[in-house]
Amino acid sequence: MPRINRREFVRATTAAGVAAAAPKTLFAQAPTMMTPKSVKPLVVAASNGNKSKNDKGQTCVAKAFEMITGGSDVLDALVAGVNIVELDPEDSSVGYGGLPNAEGVVQLDACCMHGPKKRAGGVAALEGVRTPANVAQMVADQTDHHLLVGKGAQDFARIMGFTIEADLNTEKSRKAWLEWKRKTDPLHYLPSKQRDEAYHRVAMEMIADGWVDAEHYYGTINCDGINAKGEICGVTTTSGLAWKIPGRTGDSPILGAGLYVDGDVGAAGSTGRGEANLYNLCSFLIVEEMRRGAHPKDAAMTALKRVAKNTIEKRLLTPKGQPNFGLNFYVLNAKGEYAGVTMFESSKSGERVTRSTFALCNENGPQTLNCEPLYEGYPPPTD
């Protein structure tokens with residue numbers, strides 16, 4: 001056996017120790033963003049997150065930011081923020097006064113995800129509870145499940161002490177439903193192609209006539225936040241598609257679609273056409289893109305482009321071959337970077353064209369900012 005001197009022995013054993021201490025990586029594993037020790041707190045949300053106000057004059061993002069910077073749990077703060085929108089009878093896309101289903105019944109969906117705790121909860125087709133976001137949080141905190149639906153979700157809410165109301169319609173939402181019913185009832189049970197065309201035509205007529213805001217035909221609020229310790233959470237809540245088939249569930253309560261949070265990477269949520277988002281699981285896709293190092297804006301644009309590529313049905317396309325619907329994403333990462341992106345630059349209600357926006361609150365206060373669009377203009381009405 002060859003002999004080695006002391007210097008060679010020390011060199012060899014030191015190299016071996018360093019190799020043993022080095023972290024082992026899996027083959028082809030994507031890089032995971034490490035949460036900084038300290039980041040600037042931030043709340044990002046759909047545009048209605050900076051519209052509805054509580055009795056103190058605070059909007060959703062302002063309330064959530066105040067609680068986060070005051071030391072509250074991030075998810076508790078976000079839920080308290082979206083409660084302001086859920087309880088606002090003038091917001092017809094969320095909670096109390098949300099536009100009902102085809103039978104005139106308000107059915108609500110929500111989900112939440114807690115990054116540090118790796119916990120999530122959701123409810124779908126929930127009736128009689130004004131604040132479904134709270135019920136979704138209760139599902140995460142009190143059960144081993146992630147999603148409760150229909151009567152089961154309502155029974156759970158009742159057991160947890162929530163008041164169950166007979167009807168969540170307001171005079172405004174009921175009048176809108178009655179107008180829709182008057183226009184569509186003779187067409188209700190046509191063959192599917194004719195039915196789809198009739199529903200869309202009537203919806204566009206009601207938007208043009210001012211019965212429904214274009215942004216609230218789909219409706220929803222997503223709200224995501226991060227505190228100074230880098231803890232990330234998110235919540236999405238909605239009354240769903242206006243005059244939907246009873247029981248229809250869109251993307252909002254589905255993890256990976258209406259919302260996805262990875263506490264080490266970031267959060268993403270959506271508003272707009274839920275079926276398009278569901279097919280592509282865009283929120284999960286966006287977070288995974290950020291895991292690979294993409295900026296929130298670029299990650300969200302990747303998702304919008306995938307939706308556009310996978311939209312091939314003629315009824316869902318403009319004459320230019322673009323999707324004829326709106327879809328928005330609200331994104332933040334573990335560094336505190338953020339983005340709001342949208343399929344189209346604007347939406348149109350009658351002759352009124354509205355720029356697509358999102359809400360934000362940081363140390364500079366609550367703000368409403370323009371979304372970054374995939375396409376310019378607005379989707380033209382289809383015949």
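At q = 0.09, 0.11 Å⁻¹, what log₁₀ I(q)/I(0) does a Debye calculation on the Cα points of the range 42-375 give, no solvent, two decimals? Treating every Cα as an identical point scatterer, log10 I(q)/I(0) equals -0.41, -0.63.
Skipping prolines and chain starts, which residues have an amide H placed within reach, meaning under 5 Å, of the one on residue 233, given they are 5 or more residues away or on another chain? Sorted by chain and number, the residues that satisfy this are 115, 225.
Cβ crowding within 10 Å, taken as a proxy for footprinting-reagent exposure, orders 223, 282 from fewest neighbours to most as 282, 223. Backbone amide hydrogens, once placed in the peptide plane, bring residue 372 within less than 5 Å of 340, 341, 342, excluding anything fewer than 5 places away on its chain.
Short-range pairs are left out: with C-alpha atoms under 8 Å and at least six residues apart, the relative contact order of the range 42-375 is 20 percent. Neighbour counting of Cβ atoms within 10 Å sorts the residues 129, 123, 39, 94, fewest neighbours leading, into 39, 129, 123, 94. Residue-wise HN-Hα couplings along the range 66-76, as the Karplus relation 6.51 cos²θ - 1.76 cosθ + 1.60 with θ = phi - 60° gives them from phi, are 4, 5, 4, 6, x, x, 6, 4, 4, 5, 4 Hz; Gly and Pro carry x. Got a sec? Charge dipole of the range 42-375, +1 on Cβ for Lys and Arg, -1 for Asp and Glu; which of 65, 256, 245 is way out at the positive end? Checking the options against the dipole of the range 42-375, the answer is 245. If you take the Cα centroid of the range 326-365 and the Cα centroid of the range 273-325, the two points sit 15 Å apart. The label-point distance for residue 351 and residue 315, in a model that sets each label 7 Å from Cα toward Cβ, rounds to 3.2 nm. Per-residue Cβ neighbour counts within 10 Å put 238, 311, 368 in the sequence 368, 311, 238, beginning with the fewest. For the range 167-184, putting each phi into the Karplus relation 6.51 cos²θ - 1.76 cosθ + 1.60 with θ = phi - 60° gives couplings of 8, 9, 5, 9, 4, 5, 5, 5, 5, 5, 5, 4, 5, 4, 5, 4, 6, 10 Hz, in residue order, rounded to whole numbers and with x for Gly and Pro.
Fully extending the segment from residue 155 to residue 363, taken as 0.36 nm per residue of separation minus the present Cα-Cα distance, adds 70.8 nm. Each residue of the range 361-378 was assigned a 3J(HN,Hα) from its phi angle through the Karplus curve 6.51 cos²θ - 1.76 cosθ + 1.60 (θ = phi - 60°); the sequence is 9, 9, 4, 8, x, x, 9, 10, 10, 6, 6, 7, x, 7, 10, 6, x, 9 Hz, with glycine and proline shown as x.
Since every read-out is calculated from the coordinates, none of them should be taken as a lab result. What you are looking at is a predicted structure, and each value in this text was computed from that prediction instead of being measured. When we count neighbours, we look across all protein chains shown, and the Cβ atoms used for this are built from the backbone with ideal geometry, even at glycine.
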